[in-house]
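Before any comments, here is the structure.
The values are calculated or read from the model by the stated rules, or taken from the named source; none is laboratory data. All values derive from a computational prediction rather than experimental measurement. Here the Cβ positions follow ideal geometry from the backbone for every residue, glycine too, while neighbour counts run over all protein chains shown. Only protein heavy atoms, including side chains, enter the accessible area calculation; ligands, DNA and RNA are left aside. Shrake-Rupley method; radii C 1.70, N 1.55, O 1.52, S 1.80 Å.
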Amino acid sequence: MSQVKSLRSLLFVPGNKARMLEKARALPADAVILDMEDAVPPGEKGSARAMVREALEKGAYGAQTIVRVNAWATGLTEADLKETLVAGVAAVCLPKAETPGEVERLASLLAMLEQERGLPVGGVGLILMVETALGVLNVYQMARASRRVRALCFGGEDLAWDLGAIRTKEGLELAHARAQLVLAARAAGVLAIDTVYTDLKDEAGLLAEARLARQLGYSGKLVIHPAQIEPVQRAFSPGEQQVAHARRILEAFEAAEARGEGVIALDGEMIDAPVVARAREVLALVEGD
C-alpha cells in the first residue's frame, strides 16, 4: 500500500528546470510534484525525464515526492515512468485521466516495474488528475479502479477549456464538477485535491478559493509557486478554536463511554457518531496521526 498521507499543499515543480528541482528540496509543501507534463515544452520532454531522474537519485525530498508523467494519449507515459520510477517516489500523477482502463493499465505497469526494480509491490500510489468532461463523468469508477489510487485532483483550467466554459475567478462554471469530484473521492475513500489558482499576486483570492474548497470537503490544493504554500496550508489547517472544540468533544465522548452512557451532550448539544469522527479527523491533522 502507498504511504501517501493527508496533503494540504502540492507544489508543481517543472521537470526541466534544474535550479527549481533543487530549490524544492527545502520548501515546506506537503508534497512536490516533479512535472514532466504541462510545465515542459514538447521539445524538452526527454531532457526533463533525465533531470527528474537525476534529482531523485540525489536523495529524498523533505516533502512527499510525486512524479507527473505525460497522459496516455501522448505516447510518452511508459517512457516517463520507466526512467523516473525509483525508490523514494510516493506516487505517480496521471494527467487527463478519463477511464478506469487507463488507471488499470498504469497500475499494471507500476507492478511490473516494482518487481523488476526490487521495490515493494503496491508501494507506489496513484494521483489522478481529472480535467476533462469524460474524466468527471467517470471519476468514481476511476477512483475505484485500483487500490493504488490515493487522491483525485481537480484540474479546473483544462476542464474549463474542455467544456467550452468562460473561466472566472468566482468559478461558477466549475461548481458542479468541483462538487462531483469531492463526492466521488469521499465515496471511494481517497483524498480530494483542489485545482490551481493562477493569479500569483492575489493572495486574498487564493485564500478565499482554498477555504471554499475546504468547506466542500477537499483536503488540499495544487499550488504553482512557493509563495502559495503557506496561505494554502493555513486554509486547510484547523484553527485553535476548532482544535480545542474537537478535544472537548472527544473528552465528553470518552467520559460518557466510561460511565456506560450511550447519549453524549456537550454545551447542551447532542454529540453523535459523525461529530465524534470529524473531531478525530481534526486532531489527526494537527497531531500527525
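Please specify each residue of the range 123-135 satisfying the condition of being open to solvent by less than 20 Å² (accessible area, probe 1.4 Å) and either assigned to a helix (DSSP H, G or I) or more than 25 Å from Ala165 (Cβ to Cβ) (or both). Show your work before the answer.
Taking the range 123-135 as the starting set, the residues that turn out to be open to solvent by less than 20 Å² (accessible area, probe 1.4 Å) are 124-132, 135.
Of everything in the range 123-135, those that are open to solvent by less than 20 Å² (accessible area, probe 1.4 Å) and either assigned to a helix (DSSP H, G or I) or more than 25 Å from Ala165 (Cβ to Cβ) (or both) turn out to be Val124, Gly125, Leu126, Gly135.
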- [ ] Determine, yes or no, whether Ala258 is open to solvent by 20 Å² or more (accessible area, probe 1.4 Å) and at pLDDT 70 or above.
- [x] yes
TODO: Among the residues of the range 147-165, write down those that are open to solvent by 10 Å² or more (accessible area, probe 1.4 Å) and part of a helix (DSSP H, G or I).
DONE: Glu157, Asp158, Trp161, Asp162, Leu163
TODO: Output the residues belonging to the range 79-96 that are assigned to a helix (DSSP H, G or I) and either basic (Lys, Arg) or touching a residue at least 60 places away in the same chain (Cβ under 8 Å) (or both).
DONE: Lys82
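Please go through the range 61-76 and give me each residue that is in contact with a helix residue (DSSP H, G or I) (Cβ under 9 Å, 6 or more places away or on another chain), open to solvent by 40 Å² or more (accessible area, probe 1.4 Å) and within 25 Å of Gly135 (Cα to Cα), ordered by number. It would help to see each step written out before you state the result.
Going residue by residue through the range 61-76, those that are in contact with a helix residue (DSSP H, G or I) (Cβ under 9 Å, 6 or more places away or on another chain) are 61-63, 65, 67-72, 74, 76.
Within this subset, residues satisfying the condition of being open to solvent by 40 Å² or more (accessible area, probe 1.4 Å) are 62, 74, 76.
Residues satisfying the conditions are Thr74, Leu76.
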- [ ] Output the residues belonging to the range 193-236 that are closer than 26 Å to Val139 by Cα, part of a helix (DSSP H, G or I), touching a residue at least 24 places away in the same chain (Cβ under 8 Å) and small (Gly, Ala, Ser).
- [x] Ala210, Ala213, Ala235
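In the set Ala79, Ala91, which member is hydrophobic (A, V, I, L, M, F, W, C), open to solvent by 10 Å² or more (accessible area, probe 1.4 Å) and either at pLDDT below 95 or within 18 Å of Leu113 (Cβ to Cβ) (or both)? Steps first, please.
On the way: Ala91 fails: open to solvent by 10 Å² or more (accessible area, probe 1.4 Å).
Result of the check over Ala79, Ala91: Ala79.
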TODO: For Leu181, indicate whether it is of a type in the set (A, V, I, L, M, F, W, C), in a helix (DSSP H, G or I), surrounded by 15 or more Cβ atoms within 10 Å (Cβ to Cβ) and modelled with pLDDT of 95 or more.
DONE: yes
Task: Positions within the range 97-110 being in a helix (DSSP H, G or I), buried (at least 16 other Cβ atoms within 10 Å of the Cβ) and either of a type in the set (D, E, K, R) or over 18 Å from the mean Cα position of the chain (by Cα) (or both), in sequence order - done: Pro100, Glu102, Arg105, Leu109, Leu110
Task: The one condition in (1) at pLDDT 95 or above; (2) closer than 20 Å to Gly220 by Cα that Gln3 fails to fulfil - done: (1)
Task: Matching residues, the range 30-39, being in contact with a Gly (Cβ under 9 Å, 6 or more places away or on another chain) and open to solvent by 10 Å² or more (accessible area, probe 1.4 Å) - done: Asp30, Glu37, Ala39
